[in-house]
Amino acid sequence: MPALEICDTRYREYVFKAVDNIADNSSSARYVLGAPHPISSVGDFRRIQVELWADGKLLDQGWGSNAMDDPLIAVAWLANRLNRDGAQLNAGDIVLTGGLTRGYRAQRNQMFKASFGALGDVTLYFR
């Protein structure tokens, strides 16, 4: 599924070290999911391009490869780590594989849209 993550960090201007970000649960607050797609219909996850828009203005572009070189590698890493710790991913679990663009500050009454090409769009509105 395409997704937009809503960050809520305590770090000004998103300036922090990786260890701080991990300790802060990656500054994750919420997420919005788009329509699901069978994994077999996606193709090369590294080549998925995303465009991030705010109020009709293009803010940023990214690629699937921005998530540990391949979002599937990120999921495999998590599954292996959980297995090592005696846990597992279960059917229906939501896994956010990592940001494909940098984060942007949202303002009241602002609309964001992430376009993932053939995977579709995800839109959210801040009240």
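Just so you know, all these numbers are worked out from the coordinates, no wet-lab data involved. As the structure is a prediction and not an experimental result, all values here were calculated from the model. Quick reminder, even Gly has a Cβ in these numbers, built from the backbone with ideal geometry, and neighbours come from all protein chains shown.
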Expected max-MSF residue from 102, 12, 81 in the GNM of the chain (alpha carbon, under 10 Å) is 12
Please report, in debye to the nearest 20, how large the charge dipole of the range 3-125 is about its Cα centre when each Lys and Arg carries +1 at its beta carbon and each Asp and Glu carries -1 there.
-> 240
Calculated from DSSP H runs of 4 or more alone, at -39500 (n - 2.57) each and per residue, what is the 222 nm mean residue ellipticity of the chain, nearest 500?
-> -4500 deg cm²/dmol
Two-site FRET efficiency, residue 109 against residue 77, from Cβ-Cβ distance with R₀ of 41 Å, rounded to 0.05 = 0.60
